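Trainee: Can you keep this structure in mind? I'll have questions shortly.
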Amino acid sequence: MRISLLAGLMVLLTSLAALAQQASAQMALDEPAPMQSLLQEQSAVILKSSRKTIAPAIAAIAGSELPQAQAVLQAWQVKALWMRKSDGLFFRGEKLESKSYRLFDFDSGEVIGEFPKSDLKQIKPNSGIRAMIATALVQFQLSDPDPVRRQEALLAIERAPAAALLAPLRASIETEPDAGIKARKTRIAQLLTIAHDADEARRVETINAMSGDLGLDVRATLNPLVATQLQAFGGAVPEGLNIARAVMPGDDALSRDAAYGLLVGAKLAPPLVSKDEIRTTLAAHIDGGKVGGVPIAQLNTDEARARAYAALVAAEMAPAQITEAEVTQSLNDHIFAEVYHEPSQAITTAAEAALTSIDTQVVIGQTVDLTLDALSLASIYFLAAIGLAITFGVMGVINMAHGEFIMMGAYTGYVVQQVIPNHTVSLLLAVPLAFAVTFAAGVAMERLVIRWLYNRPLETLLATFGISIALQQLAKNIFGTQARPLTAPGWLDGAWIINDVVSISYIRIAIFMLALIFLGVFLFIMRRTRLGLETRAVTQNRAMAGSMGINPERVNMLTFGLGSGIAGIAGVAIGLFAKVTSELGSDYIVQSFMTVVVGGVGNIWGTLAGATMIGFFQKGVEWLNPSNTLAAQTYMILFIIVFIQFRPRGIIALKGRAAGD
Amino acid sequence: MSMLLEVSGVSVSFDGFKAINNLSFAIGPAEMRAIIGPNGAGKTTFMDIVTGKTRPDEGRVIWGERNVSLLGMSEARIAREGVGRKFQKPTVFEDQTVLENLLMALRANRSPFAVMFYRSNRADLDRVEELASEIGLLESLARKSGELSHGQKQWLEIGMLLAQEPRLLLVDEPAAGMTPAEREHTTAILVEAAKTRAVVVVEHDMEFVRRLDCRVTVLHEGAVLAEGSLDHVTANSQVIDVYLGR
Amino acid sequence: MSDSFLKRNPSVLIFLAVLALFVLAVTLLAEGAGAGVISTSFVKTLGKTLCLALVAVAMDLVWGYTGILSLGHFAFFGLGGYMIGMWLMYARTQAIVMSSLAEASIPATESEITDAIGNQIFGVVGSSEFPLIWIFADSLVLQLVLVVAVPGILALVFGWLAFRSRVTGVYLSILTQAMTLGLALYLFQNDSGLRGNNGLSGLQNLPGMDHVPQATLSIWFFWASAAALALGYLFAAWIVSGKFGSVLRGIRDNEARVRFLGYSVEGYKLFIFTVTAIIAGIAGALYYPQAGIINPAEIAPVASIYLAVWVAIGGRGRLYGAVIGAVFVSLVSSWFTGGQAPDVNLGFYTLKWVDWWLIVLGLSFVLVTLFAPRGIGGLVDLWSERRRPDRHGADLGPGAGALREKEASK
């Protein structure tokens, strides 16, 4: 009896609880719960969760002007929107453990309770819907107190500009506290105005205002406005179309074939019968070894095929061929024009004018950019060649292993970086170390090989080539064939961006500075130091210098070491932007020789001029033919061969008897 | 007597230094002439201009009966016109035999194809032997010229010059480094050559010049200072100043 | 006359006799003749080596005798290969296309055949049009003319420009190297019309000779290479034996002096440069059908430097030296890099020849330059006890035409 009583009590309690729940739900509906009721209105669409039909629901929530709207959209976006199956109400769900969720009411923010997953249905928006929600959310985020969120919102607008965002964006500008973000908002609002504002006058005004702007975003906004489509019209052009220009078939812009193809595509003319179709048709109508009365064996010329096909046409077994006269007739009967997608002529005119003015500025900017590029290439060549200018230019020793010294410098940098992880410290250490390593290698080479071969330049060339292949293979054996990274320190990353057209990376600026420093060091050593004086003396008259107490052997050794050491430092610099491989040096050796020869042997200014000329020429050719850097090098070499014709001794030549023959 | 070579108003400068300054000079078809002058007087540069090695900045160099200009011709072309040159330092092809050296110099068609199909014949060999005996190298025809003594090389070069049969011989210090006996021989060869052609000898050694017994041109600072017999020019006070110092 | 020429140059007879013996031995032992001691691929290697010997002879003419260290002769070699390769590839593709089109119900027109061939050949570089330079590709005769003409004309134009402006010595070497690099880079482009870095392939198949096995073909090419080498050697020996050779060596040793003797040095240089370029082109045209494939990497400047290395190791200034150098170094190289050489175990390190051969080659090259400038051929001098003249003054070597020498001797 006690048990039954207890059971009865339980039943009563349960039913009471259920009743209470019912009541609270009822209460929620009764009380002002505007968001819930809004959600209920859109319930069917939300549950269907289809990208095609969802737009009104999102718009309704976003446009409800309820403070809860943002929370709902955010929950929806992250798949935290749940529907309770028992009554169809929507809540935000928070996962507790597996299979169990705590629900929050949107309007009140209060906890409703905990429910097992089986009682609930999760609303899972697909990626398309999520993107639409994100767009809808933007207007809320634009005024978010967190500046990071505001930036994100602006990024979202830039990625997916939409007309609907214009009004909230403009509204948020006034109250924006951050000056930087405000400027960005203003700019994006302007771009949105150009693209989407309903007010045509305002669009034109904004286009004109931005016509001097070099930003890529401006061009990206303006270009769709002037996009055109080639169309063919039978008779007169219909009213109301914004025509860019009329086109005649046979112009550069529109070949006759393309024009006729356009007519065929628009079903304004019958298609041509192609050669392939003729062959297929003929093959389908083989009749006892003949087609249209022509024996198959003769069908190996276009003329015979045309005859056979004509016979088939006459027998009404194939569609007639379109004659050239008919093509001409069709083309004459139609008008071809490029039509703007944008219907408003005022806008297209303004956009064209703005783009023209931007283009002019872009060309100027590109010229500046190209000049910077060429300067940086020139300084790379100069760096690679300056060591050679010393050994080849001053001493007359041709060193084919010069490229391998550059490579050794780069590998030295790599090894130092393996030992010292801090890139700045390792770089500062790598430069003197690379100099020391290659200086030692150069001195060793001079002592062991080159000094026995002075005055025999061709043999020097071959002996140093032997050293070059040995060193290259040695590097391969030690470091393997794959490229090794020589990472620049963080402060050298990135680029100095002047605008969207003109920019230069910091590494290239650093290399340019390094080239200037080298030039200065070289001039200082040659003009202000004892070694320079002795080197010049030995260069000019070895025997005389020897009799004046200068030790030519020592001078040669030091000069050669100096040239090699500079190659090592150049190697570190080159390794920073090129991959360090055993072939690094051989990529630069021919250009280095060219630089020295073109510039004029025995003169550092000549090397500078040579590097500048080669750098500018190569960049110039690349600019004319951007897809093909190989061609640029080919032309450069051709140019050098021709240049040597006119100035066999280089740009800055030694004159008179000092130049020898 | 018409002139074989006429150099008039020639100037040339290297990096601002005037090596030859408004020089004029002429020599007949069969004449011996000695050019003397202190170092830097422009003797070698003068030869360079005549042989086409150096282009003058201004002036004319007129050659032969047809009065053709030598300016603008290549060295090889000028040599084929009949100007032979002997360098100060003996330059013979040391890796080749005396015979090969002389054969190469022997007057003949110089075009590559003619030379390729050339094979030595009796007449040419006779001529070479004649020359070789003249320069005292008959015994050494088969030797590499690199094995010869300094004086022998000088003679070989003179022999090669004669083999070219030039109409004008330019000889730069032929007696340098020779023994007195060798000098005598050299003098004899040159005097003999001057009977049929023009010979210009550049020399420092007054004794040697005196033995040549010919007109002398004195160069100084790229221009002609005096001209005449040796006794005449050595009596000239300017010449004495230049040679003995001011 | 030819009689006396051979008498005066006994080394030519010896060389021809050795070559003949070698050809006979290889023919008898080769797979194609039935003996099978020498594999087909090795016959091809030997044939290729003979072609390399021929281009080395050309290099010796231009460098060893005339003193022009050309770093461009392997480019001419490659160009010859490209010229013959165009015909081989075109004709073979044509045969394939014809047989596949023959199965169609309607016979193909000329332009359809051409289009199909173009598609086959140039599909790999994303094109199907025949570039202009393939205009003669269907004719063996014209393409053979181009084997001679293209390297010849390139050498003529380049040489004329270079020699006219009196570029000599190392400057000329660098300039020829630049030319080679320029050519290689040009060929690397897809729109060069020669299939970019894919190069030409399938060259080992002679069109219309499908019934002949490769073993037999390899012997034919071996014979052809030997004949070309013999002829080239004879021609070179004939050229350098007379006065022409004297002039060439004169140019090498003292260019200015030769000029003052009345010889047009530029003309001689141009002549020898062009003729040797043609010889190199012919050697290449025989080499690449045996190699089967040619691509722009073959033309890289380093190949031409290796050519100079062979000649230097063999002994420049003597024709048999060039042949010995090319044969010796290329065969030894392929032995070491081919993995046949046994590794050397040093206890702490195992020396793999594949990795270390280049280092040995490079260093031995330095040693040869320093200690044995006469190369392997110098051994012949020791053996025949022929003493070289004791030269006076500085030994300026074969590069004496160079500007640097003249400055040096001042």
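Trainee: Looking only at the range A:297-308, which residues are among the β-branched types (V, I, T) and surrounded by 19 or more Cβ atoms within 10 Å (Cβ to Cβ)?
Mentor: Correct list: empty.
Trainee: Between C:V57, C:V97, which is over 24 Å from C:R316 (Cα atoms), of a type in the set (A, V, I, L, M, F, W, C) and out of contact with any His (no Cβ under 6 Å at 6 or more places or on another chain)?
Mentor: From the options C:V57, C:V97, the qualifying one is C:V97.
Trainee: Just the residues that are within 9 Å of chain A (Cβ to nearest Cβ) and not aliphatic (A, V, I, L, M), please, taken from the range C:161-179.
Mentor: Across the range C:161-179, the qualifying residues are C:R164, C:S165, C:R166, C:T168, C:G169, C:Y171, C:S173, C:Q177.
Trainee: Let me ask you something else. Filter the range A:577-589 down to residues that are at pLDDT 80 or above and in a helix (DSSP H, G or I) and give me whichever is nearest to C:A300 (Cα to Cα).
Mentor: A:S586
Trainee: Quick one: how many residues across the range B:190-207 are buried (at least 20 other Cβ atoms within 10 Å of the Cβ) and modelled with pLDDT under 85?
Mentor: Total satisfying the criteria: 1.
Trainee: Something else now. So which of C:G267, C:G284 is within 30 Å of B:I49 (Cα to Cα) and either part of a helix (DSSP H, G or I) or in contact (Cβ under 8 Å) with a residue 40 or more places away in the chain (or both)?
Mentor: C:G267
Trainee: Looking for something hydrophobic (A, V, I, L, M, F, W, C), surrounded by 18 or more Cβ atoms within 10 Å (Cβ to Cβ) and either facing chain A (nearest Cβ under 8 Å) or touching an Asp or Glu at 6+ places or on another chain (Cβ under 7 Å) (or both) - is there at least one such residue anywhere in the range C:142-160?
Mentor: Yes, the range C:142-160 has at least one match.
Trainee: Let me ask something additional. Please go through the range B:82-123 and pick out each residue that is part of a helix (DSSP H, G or I) and facing chain C (nearest Cβ under 9 Å).
Mentor: Passing the criteria: B:E100, B:N101, B:L103, B:M104, B:A105, B:P112, B:F113, B:V115, B:M116.
Trainee: Can you find a residue that is of a type in the set (G, A, S), under 12 Å from the mean Cα position of the chain (by Cα) and more than 12 Å from chain C (Cβ to nearest Cβ) anywhere in the range B:170-191?
Mentor: No, the range B:170-191 contains no residue that is of a type in the set (G, A, S), under 12 Å from the mean Cα position of the chain (by Cα) and more than 12 Å from chain C (Cβ to nearest Cβ).
Trainee: How many of the residues making up the range C:88-110 are touching a residue at least 24 places away in the same chain (Cβ under 8 Å) and out of contact with any helix residue (DSSP H, G or I) (no Cβ under 8 Å at 6 or more places or on another chain)?
Mentor: Residues that pass the stated criteria total 2.
Trainee: Quick check on the range C:162-170. Is at least one of its residues part of a helix (DSSP H, G or I), free of Cβ contacts under 8 Å to residues at least 40 places away in the same chain and more than 30 Å from C:F5 (Cβ to Cβ)?
Mentor: Taking every residue of the range C:162-170 in turn, at least one turns out to be part of a helix (DSSP H, G or I), free of Cβ contacts under 8 Å to residues at least 40 places away in the same chain and more than 30 Å from C:F5 (Cβ to Cβ).
Each row is one residue, and each column tells you yes or no for (1) over 30 Å from A:L461 (Cα atoms); (2) assigned to a loop (DSSP other than H, G, I, E, B).
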site	(1), (2)
C:F76	no, no
C:W87	yes, no
C:A104	yes, yes
C:I117	yes, no
C:V141	yes, no
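Trainee: Shifting gears a bit: Take B:A79 and decide whether it is at the interface with chain C (Cβ under 9 Å from one of its Cβ atoms), small (G, A, S) and part of a helix (DSSP H, G or I).
Mentor: It is true that B:A79 is at the interface with chain C (Cβ under 9 Å from one of its Cβ atoms), small (G, A, S) and part of a helix (DSSP H, G or I).
Trainee: Name the one entry in A:I640, A:I644 that is buried (at least 20 other Cβ atoms within 10 Å of the Cβ), at pLDDT below 80 and part of a helix (DSSP H, G or I).
Mentor: Every option except A:I644 fails the conditions.
Trainee: Taking the range C:231-263 as the region of interest, how many residues are facing chain B (nearest Cβ under 8 Å), aliphatic (A, V, I, L, M) and either within 27 Å of the chain's Cα centre (by Cα) or assigned to a loop (DSSP other than H, G, I, E, B) (or both)?
Mentor: 3
Trainee: I'd like the full set of residues that are closer than 18 Å to A:I406 by Cβ and of a type in the set (A, V, I, L, M), limited to the range A:451-476.
Mentor: Scanning the range A:451-476 gives A:L461, A:I467, A:I469, A:A470, A:L471, A:L474, A:A475.
Trainee: Quick one: in the range A:296-318, which of the residues that are over 15 Å from A:A283 (Cβ atoms) and outside any helix (DSSP H, G or I) is farthest from the other protein chains (Cβ to nearest Cβ)?
Mentor: If we take residues in the range A:296-318 being over 15 Å from A:A283 (Cβ atoms) and outside any helix (DSSP H, G or I), then A:E316 is farthest from the other protein chains (Cβ to nearest Cβ).
Trainee: State the number of residues belonging to the range B:101-147 that are among the hydrophobic types (A, V, I, L, M, F, W, C), under 30 Å from C:L270 (Cα atoms) and over 26 Å from the mean Cα position of the chain (by Cα).
Mentor: So the answer is 4.
Trainee: Follow-up. Would you confirm whether any residue within the range C:196-208 is under 22 Å from C:Q94 (Cβ atoms), buried (at least 18 other Cβ atoms within 10 Å of the Cβ) and within 14 Å of another protein chain (Cβ to nearest Cβ)?
Mentor: Yes, the conditions are met somewhere in the range C:196-208.
Trainee: Hey, another quick one. Within the range C:346-361, track down each residue that is farther than 22 Å from C:A308 by Cα and either at the interface with chain A (Cβ under 8 Å from one of its Cβ atoms) or in contact (Cβ under 8 Å) with a residue 24 or more places away in the chain (or both).
Mentor: Passing the criteria: only C:D355.
Trainee: Which condition breaks for A:T581 when tested against (1) out of contact with any strand residue (DSSP E or B) (no Cβ under 8 Å at 6 or more places or on another chain); (2) more than 23 Å from A:F512 (Cβ to Cβ)?
Mentor: (1) is the only condition that A:T581 fails.
The values are calculated or read from the model by the stated rules, or taken from the named source; none is laboratory data. For clarity, every value in this text was computed on a predicted model and none was experimentally measured. Heads up, the Cβs are rebuilt from the backbone with ideal geometry, glycines too, and the neighbour counts pull from every protein chain shown.
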